[in-house]
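J.: The structure's right below; bear with me while I get my questions together.
The values are calculated or read from the model by the stated rules, or taken from the named source; none is laboratory data. These figures come from a predicted structure and were not determined experimentally. Positions of Cβ are generated from backbone atoms using ideal geometry, with glycine treated the same way; all protein chains shown enter the neighbour counts.
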Amino acid sequence: MKYFFKHKIQIERKLNARAPVLFLDFDLTLSPLARNPNHAFLPVATKNVLKEISAHIPVVVITGRKLSDIKKRVGIKTLIYIGNHGLEHEKSGITKSAPLSILPKNGLKKIKNKFLNLAKKYPGVLVEEKKFTIALHYRLLPRENKSAFLIEVKKIHPSLKKHGLRGSFDKKTFDVRPDTKTNKGTACLWVLETLQNKSHKKLTPIYIGDGKTDEDAFRALPQGITIRVGKSKHSYAEYYVSNVGEVRKFLVWLLKLFI
């Protein structure tokens, strides 16, 4: 991976020739680490820069959080929001979501009950219900209980497929969602197709994210500018920045291209 700030000049030339579309994950990309996911927030300085950027180019916040949650935490009306890994989105005040027919309600209910039982058994474990998906957060779980807890979670994992679900571990979270082709990558391509129909210029996507589900977007956007938060040998992203502070530094740099 290449460190983004050593390649700014080449990237600036690329952006001058095309119209950028900015995609951003939320947790650990825009928002600093929050031990409790309910405490995650968008720093005021970052919010102000995003507002200014959105006056010049489309800005999309794309996350595993549910749509209503991310809209509340970011609070900028001019942005496009994509929630639940692409299963929900809002553009220009119009909200759309995946058909309820794809939602394996019985499966989600069974997994929810198992998650709630685990949360009772292991203090510090949090269950996040997101309508289309459900997540089990264990960052607050005491270290001495972690091994036993993960053994129980991994017993649940193989049963997901028969319920029409799939699960993934990332950043002290076990996230369960419908086993469909929809992901952050397909969501990005949908946004680009929609915007391209209204643009005279060729669009260049910029995607910044830090987690496993962001790899779907990195993989879907090989001609874009893909930036991972944190260097990794196993990422599809071309560039990296070191942390959330450098994401804000990038946003300030990007804004200066338009003013």
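J.: Being at pLDDT below 95 and under 15 Å from the mean Cα position of the chain (by Cα) is the requirement here; does K233 meet it?
T.: For K233, the condition - at pLDDT below 95 and under 15 Å from the mean Cα position of the chain (by Cα) - is not met.
J.: Could you please let me know if L30 is among the aliphatic types (A, V, I, L, M), buried (at least 22 other Cβ atoms within 10 Å of the Cβ) and at pLDDT 95 or above?
T.: yes
J.: Within the stretch 45-59, identify whether any single residue is small (G, A, S) and either surrounded by 18 or more Cβ atoms within 10 Å (Cβ to Cβ) or touching a His at 6+ places or on another chain (Cβ under 9 Å) (or both), and answer yes or no.
T.: no
J.: Still on this structure, please answer the following. Looking at the stretch 64-76, which of the residues that are touching a helix residue (DSSP H, G or I) at 6+ places or on another chain (Cβ under 9 Å) and farther than 20 Å from T173 by Cα is surrounded by the fewest Cβ atoms within 10 Å (Cβ to Cβ)?
T.: G75
J.: Those residues that are under 19 Å from the mean Cα position of the chain (by Cα) and on the phi < 0 side of the Ramachandran plot, I need them from the stretch 127-164; list them, please.
T.: V127, E128, E129, K130, F132, T133, I134, A135, L136, H137, Y138, R139, listed by residue number.
J.: Read through the list (1) closer than 30 Å to V153 by Cα; (2) buried (at least 19 other Cβ atoms within 10 Å of the Cβ), then give the number of the only condition that R35 fails.
T.: (2)
J.: I'd like the residue in the stretch 142-158 that is surrounded by 14 or more Cβ atoms within 10 Å (Cβ to Cβ) and without any contact (Cβ under 8 Å) to a residue 24 or more places away in the chain and, out of all such residues, is farthest from L33 (Cα to Cα).
T.: Per the criteria, the residue is H157.
J.: Counting only residues that are surrounded by fewer than 20 Cβ atoms within 10 Å (Cβ to Cβ) and free of Cβ contacts under 8 Å to residues at least 24 places away in the same chain, which one in the stretch 195-228 is farthest from the chain's Cα centre (by Cα)?
T.: Within the stretch 195-228, the match that is farthest from the chain's Cα centre (by Cα) is H200.
J.: Residues in the stretch 12-19: is at least one crowded, with 19+ Cβ neighbours inside 10 Å and assigned to a loop (DSSP other than H, G, I, E, B)?
T.: no
J.: Quick one: which residue in T95, T78 is in a strand (DSSP E or B), within 25 Å of D25 (Cα to Cα) and not basic (K, R)?
T.: Answer to the selection: T95.
J.: Report, ordered by the first and then the second residue, all pairs with beta carbons closer than 6 Å, sequence separation of six or more or different chains, a first member in the stretch 31-53 that is within 20 Å of I134 (Cα to Cα) and of a type in the set (G, A, S), and a second member that is surrounded by 15 or more Cβ atoms within 10 Å (Cβ to Cβ) and at pLDDT 95 or above.
T.: Matching pairs, first to second residue: A34/A40; A40/D27; A40/S31.
J.: List every residue pair whose Cβ atoms sit under 8 Å apart, with the two residues 6 or more apart in sequence or on different chains, where the first one lies in the stretch 8-21 and is under 14 Å from I57 (Cα atoms) and in the same structural domain as H200 (by TED's automatic domain parsing) and the second, anywhere, is of a type in the set (S, T, Y) and loosely packed, with under 15 Cβ neighbours inside 10 Å.
T.: Sorted first by the residue in the stretch 8-21, then by its partner, the pairs are A19/S199.
J.: Among the candidates L165, L192, which residue alone is surrounded by 18 or more Cβ atoms within 10 Å (Cβ to Cβ) and not assigned by TED's automatic domain parsing to the domain that holds P142?
T.: L192
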